[in-house]
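Input: a single structure, listed below in structure tokens.
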Amino acid sequence: SNFNLAIFDNKGKIKFDSNALNTDWDLLQEELGFFYLNEELNKLYEEKQNLLDSIKARADTIVKPIIYSEGNNYKYLEKAKSIFANDLDIDIKDCGGKNELQKLFKLFVKTDFDRFKIFFVFDCDAKASFIDCNSLKTSSLIPYIFKENQKNTIEEVQSGIENLFPDELFELKDEFYFFDVNEHKRNGEIKSRSRSLRKINFENFILNERNENSDFDKFQDLFEFINSKINNPV
């Protein structure tokens, strides 16, 4: 590449040192290459600027503190709030996966938002995303990560908000209600077996069928943390 031949003119714009290019064809190639690169950079800038503008518009509509969480966690968080912070005036919203939550946090940081506290709550398996956000936190934009639940030893539930619930809750129903089970058989014998949590079924059981406040003990730290931040203006 001849990009090492690029120099700045007296207005700070990039140009190529034509004396160092061998032929008119070299010149044309460099000019066209730089033109298309510049076009792509402009498009990328416009996309990011539009996204930032949309976040600024969203920020202007915020009238109270907010909890943003991963996935479809808001129903669990609303239940926990009713137990540990029922008088707390705060919105609870979902924000896709950990990557989307991380991106949203960074966009809010770019807006310098400081009118209310906003909490970005990561599941226990999102350590890298949390660490990244925590390095940029402000007094108003606050990341939080759930601790891994030592009372949950089920292999398939070591990630996600369901990790906050103890083993015994996953044994209160038939296995096939809580898990999709795949078995590989050969000559009638099971050679391998895998499971994945049926999240909607578990959520329905916890929130609607069982509905026990004691199941939400691991959520208490979050709302104590939120209360301490909201009640502390610093």
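Every number here is computed from the coordinates shown, using simple stated rules; none is lab data. Just so it is clear, the model here is predicted, and its values are computed rather than measured. Because the Cβ atoms are built from the backbone with ideal geometry, glycine has one as well, and the counts that use them run over all protein chains shown.
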Could you identify the single residue in Ile62, Ile92, Ile142, Ile55 that is over 26 Å from Phe202 (Cα atoms) and in contact with a Ser or Thr (Cβ under 8 Å, 6 or more places away or on another chain)? Ile55
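Going by what's in this entry, would Asp123 be described as among the acidic types (Asp, Glu) and surrounded by 19 or more Cβ atoms within 10 Å (Cβ to Cβ)?
Judged against the criteria, Asp123 is a match.
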Got a number for residues in segment 47-72 being farther than 19 Å from Phe116 by Cβ, of a type in the set (S, T, N, Q) and either assigned to a helix (DSSP H, G or I) or without any contact (Cβ under 8 Å) to a residue 40 or more places away in the chain (or both)? 2
Identify all residues within segment 126-142 that are farther than 18 Å from Ile226 by Cβ and not in a loop (DSSP other than H, G, I, E, B); write none if there are none. Lys127, Ala128, Ser129, Ile131, Asp132
Just to be sure before I move on: is Lys218 surrounded by fewer than 17 Cβ atoms within 10 Å (Cβ to Cβ), closer than 28 Å to Lys173 by Cβ and under 23 Å from the mean Cα position of the chain (by Cα) in the structure I sent? no
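Which of the helices (runs of 4 or more DSSP H) found entirely inside segment 170-234 contain at least 2 residues meeting this: touching a residue at least 12 places away in the same chain (Cβ under 8 Å), closer than 27 Å to Lys117 by Cα and touching a Cys at 6+ places or on another chain (Cβ under 6 Å)? Break it down into steps so the answer makes sense when it comes.
Values: elements: 175-178, 199-204, 220-230.
Here the list is empty.
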